[in-house]
Every structure is written in C-alpha cells, then in structure tokens.
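Structure first, then comments.
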Amino acid sequence: MKQLSLYSELHMLGSAKEFKDAFKLGEKDLIITCRYLYEPYFSELGITSQVIFQEEYGKGEPNDDMINAMIDSVNGDYERVIGIGGGTVLDISKLFALKQIQPLEDLFLGRIKPEKKCDLILVPTTCGTGSEVTNVAIVGFNKLDTKLRLAADELYADYGVLVPQLIEKLPLKVFATSSIDALIHAIESSLSPLSTPFSKLFGHKAIQMIIGGYSRIRKEGFDAIGELRETFMLASTYAGIAFGQAGCGAVHAMSYPLSGKYHVAHGAANYALLTSVLKKYAEKESDGKCIAEYGETMQVLSSALSCEVSEVPYRLDQLLGAILTKRPMSSYGTEDSDVEPFADSVLKYQQVIMSHNPALLTREDVIDIYKDCL
C-alpha cells in the first residue's frame, strides 16, 4: 500500500515581495486571486502578469457558472498559473493548469481525462484549505444542487508557498471557519482506512496544533491569533498532506448537499455536522464495527482536549464554540423535507468519500445524522 506522496515543493516566505522576487512573476503568468488580497500586498510591486479577480465572476465558493465566466475572460495563453487566495481561488487555479477544462461537468464526471498544461503555484491566504498540497478540487454544480469532487495527480501544485503575512488581516470568522475545516481534514484523514503511519503523523500533529491554538485563544482572547499565525498555517498544510493520502469522510460528503442547495460556506457546513458524525461512529464502535483508526484518533482527540474518550464530542463542541458559534442546519434554511433527498444525494454522488469512513454508514445512519444536526 502506498504510504504517502508529496508532489509539491514547499516554501515559507516572509512577505509578498519575497514571493514575487523568488518566483520571478512576469507577463507569461496568469494570477488568479481576489482584489482585496492583491491590492494591499501586490499592486505596488510592479507585477506585469495577467490578473483575474475571482470575486468579479461570482460570490462564494466555486461553481460551474463562475468558472466558465472566468475561462472566457482569459486574454491569450500563459505559461504558469499562480493562485493566491483561499480554497475557492486555489481550487479554481488547479483547473486552469489543465489542458482541457470544458465542458466542466464532463471533467468532473470522468468523461475528460485531466492533463497538466503548465506549472501551478499555490499560495494559501487562509489557514484551512490545505489545497496547496492536495490533488483535489471541489466545485458546485448549480443544476445538480450539490458539489462534485475531482481528484487527480494532475491537480497537484508544483509549488506550495506559505506567506504568513497574507493572513495578518484575515477576518475572525474566516479564520474560524477555515481553521475548523483544517481540524476536520486532520480528524477525517486520521479516521480513514487509507491512512498510514506517515499520513497519521501529519494528521495527529495538526489535531494537536489546532486544538492547542484554540485552547490558548479561549484562555487569552483573539489577540493571541497574531502569535499563532504561522502555527495555524503549518497545521493546515499538515492536515492537507494527511488528507491528500487518506481522504476525508462523511463530514465532508454530507456537507456538500447543504452547501450546494443553501450556499453555506464549506467550513461552516462541516462544522455543523462534525460532532454528530463522531457520535454516530461511537455507536458503531460500541457494536465493534469501527476499524482501529477510530480508537487511535479518539485517543489523540481526548489527549488534546484533556478529557475521556466518551466526552470528546461534547468537549470539542465546547472548545469550538469559543471560537465560532455552531449553527444548526435549520438556521441556514434546511427543512425536514431536505433530509432524505440530501441522504440520497450523498449516496449517489459521494460514494468515494463515504468509503473513507471508519465504519459503514447506511442510508438510515446518514438520515439520523442530518436529523441530529437540524
């Protein structure tokens, strides 16, 4: 069994200028980013690259309409793609480094084989996506009311570049949802049957770093984030390395219909489901139906939270609640009538992700979890 693959060359640089100089950004590059990130950090650096601002093509997370409009706006050819932003920008940038993107639905449904066109450089500006070291892109398809996942080695970045300066003005809500997402990456990849001793090394360390950082913030207040910036960026990348090997599971799979229909931010949707999924696994474990990774991961969580294993879901909700208030699915618009269609969507479109669970979840289990989150 493959133990771990690290395709991307990783760099840590102190500033946007250091990044520009180290990678010699020029007119043959296509930069995909957001204006609110580019203008304060890059606009005065004399960069001659073509720049596309993602937010000018649609709000929120990536969807097919947004990406198709961005494709139409590219002026001429390019030799490198440089993505500077959060998960939306990085996932879109991965697609622009391929030879053929359209029809987009065909690409995501396997009718088009992904082929790399050019070098890809990814620079995260949140502390949650991990996308700079993964081979996955997630896109919402509006007519399907869900998200689809494309996983292919051709989506790996050639270079992942961490620049802690770029998250110094990160809004608290974005910090919270993105870092919670990184924690879930670390937890779900550690629970996966595809996890290995090497991937768990990164996943378990990310769990410890993020929970340790949250514990300090709960004690000292949000001003502590300034000193923890690099810690959270590293933890996000560690979690990305872990789920790049082992994948994520039911939390992510079940979040996609919620995000797809009600446009709930990815991290917030995952947060709504996390502990209900863990409680369902606990039921399976009591019947001896969970693989060994479940018990091992719960021990890591209980140690980080300084509690008994049985208390982990409660303690985790308590700690995360000090960082961001948890909202029930109903607060986003979800109704009882959504539950069964959501479950069916998960079992139809997210079979690969659901295979990464530490125990088999039936349709009835998925429905139970959704109802617990309403």
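Taking region 227-245 as the range and being hydrophobic (A, V, I, L, M, F, W, C) and at pLDDT below 95 as the test, only Phe243 passes.
Look through region 121-136, keep the residues that are of a type in the set (A, V, I, L, M, F, W, C) and touching a Ser or Thr at 6+ places or on another chain (Cβ under 8 Å), and return whichever of them is nearest to Gln350 (Cα to Cα).
My answer is Val133.
When region 349-363 is filtered for residues that are closer than 19 Å to Glu188 by Cα and either in contact with a strand residue (DSSP E or B) (Cβ under 8 Å, 6 or more places away or on another chain) or exposed (fewer than 14 other Cβ atoms within 10 Å of the Cβ) (or both), the ones remaining, listed by number, are Tyr349, Gln350, Gln351, Val352, Ile353, Leu360, Thr362. Scanning region 339-364 for residues that are in a helix (DSSP H, G or I), in contact (Cβ under 8 Å) with a residue 24 or more places away in the chain and closer than 17 Å to Leu258 by Cβ yields a count of 10.
Exactly one residue out of Val346, Val366 is closer than 20 Å to Gly267 by Cβ, modelled with pLDDT of 95 or more, crowded, with 22+ Cβ neighbours inside 10 Å and out of contact with any Lys or Arg (no Cβ under 7 Å at 6 or more places or on another chain): that is Val346.
Which condition breaks for His263 when tested against (1) within 18 Å of Lys326 (Cα to Cα); (2) in contact with a Cys (Cβ under 6 Å, 6 or more places away or on another chain)? For His263, the failing item is (2). Restricted to region 10-26, and to residues there that are outside any helix (DSSP H, G or I) and at pLDDT 95 or above, the residue that is farthest from Ile121 (Cα to Cα) is Ser15. Checking each residue in region 3-55 for being among the β-branched types (Val, Ile, Thr), more than 20 Å from the chain's Cα centre (by Cα) and buried (at least 19 other Cβ atoms within 10 Å of the Cβ) picks out Ile31, Ile52.
In the set (1) buried (at least 17 other Cβ atoms within 10 Å of the Cβ); (2) charged (D, E, K, R); (3) over 17 Å from Leu258 (Cβ atoms), Glu308 fails one condition alone, (1). Within the span defined as region 249-258, every residue fails to be surrounded by fewer than 21 Cβ atoms within 10 Å (Cβ to Cβ) and not small (Gly, Ala, Ser).
Identify all residues within region 53-81 that are touching a helix residue (DSSP H, G or I) at 6+ places or on another chain (Cβ under 6 Å) and either under 24 Å from Asp21 (Cα atoms) or part of a loop (DSSP other than H, G, I, E, B) (or both); write none if there are none. Listed by number, the residues that qualify are Phe53, Gln54, Gly58, Glu61, Pro62, Val81. Among the numbered conditions (1) touching a Pro at 6+ places or on another chain (Cβ under 8 Å); (2) within 19 Å of Lys205 (Cα to Cα); (3) aromatic (Phe, Trp, Tyr), the only one that Tyr281 does not meet is (2). Those helices (runs of 4 or more DSSP H) of region 180-286 in which at least 3 residues are touching a residue at least 12 places away in the same chain (Cβ under 8 Å) and among the aromatic types (Phe, Trp, Tyr), considering only elements entirely within it, cover 197-220, 225-246.
Candidates Glu168, Glu105, Glu188: the one that is crowded, with 22+ Cβ neighbours inside 10 Å and acidic (Asp, Glu) is Glu188. Of the residues that make up region 324-331, is at least one crowded, with 23+ Cβ neighbours inside 10 Å and either without any contact (Cβ under 8 Å) to a residue 24 or more places away in the chain or outside the structural domain of Ala137 (by TED's automatic domain parsing) (or both)? Within region 324-331, one or more residues are crowded, with 23+ Cβ neighbours inside 10 Å and either without any contact (Cβ under 8 Å) to a residue 24 or more places away in the chain or outside the structural domain of Ala137 (by TED's automatic domain parsing) (or both). The residues of region 142-157 that are among the acidic types (Asp, Glu) and either modelled with pLDDT of 90 or more or not assigned by TED's automatic domain parsing to the domain that holds Glu132 (or both), listed by number, are Asp153, Glu154.
The values are calculated or read from the model by the stated rules, or taken from the named source; none is laboratory data. All values reported here derive from a predicted model rather than from experimental measurement. So basically every Cβ, Gly included, is an ideal-geometry build from the backbone, and we count neighbours across all protein chains shown.
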